[in-house]
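Here's the structure we're looking at; comments come further down.
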Amino acid sequence: MQWRNSERRFGLVALSLHWLIAALFLVMLAIGVTMTRLPLTDPWTFPLYQ
């Protein structure tokens, strides 16, 4: 695998950044779903949203 992009294929840097962003997007999605399911009555939940 080459570090730089070529005419036929993306390089290692571009592919690594692509999959890192995809993984972080999935983590943010999971955190968002979890946060919406938390009850607002817990004393530690309200500061979490602020």
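Just so you know, all these numbers are worked out from the coordinates, no wet-lab data involved. Please read these numbers as outputs of a predicted model, since none were measured by experiment. Neighbour counts are summed over all protein chains in view; Cβ atoms, including those assigned to glycine, are modelled from backbone coordinates with ideal geometry.
Fewest-first ordering of V33, V13 by other beta carbons within 10 Å of each residue's beta carbon gives V33, V13. If R0 is 25 Å, the Cβ-Cβ spacing of I21 and T41 corresponds to a FRET efficiency of close to 0.10. With helices as the sole contributors, the chain gives -20500 deg cm²/dmol at 222 nm; each DSSP H run of n ≥ 4 counts as -39500 (n - 2.57), and the sum is divided by every residue. In a DSSP loop and with at most 12 other Cβ atoms within 10 Å, the chymotrypsin sites (Phe, Trp or Tyr not before Pro) in region 1-32 are W3. In this structure the amide hydrogen of G11, modeled in the peptide plane, comes within under 5 Å of the amide hydrogens of N5, S6, none closer than 5 places in sequence on its chain. Relative to the compact-globule estimate of 2.2 N^0.38 Å, the Cα radius of gyration of the chain comes out at 1.91. Taking Cα atoms only, the orientation of helix 12-37 departs from the longest principal axis of the chain by about 10 degrees.
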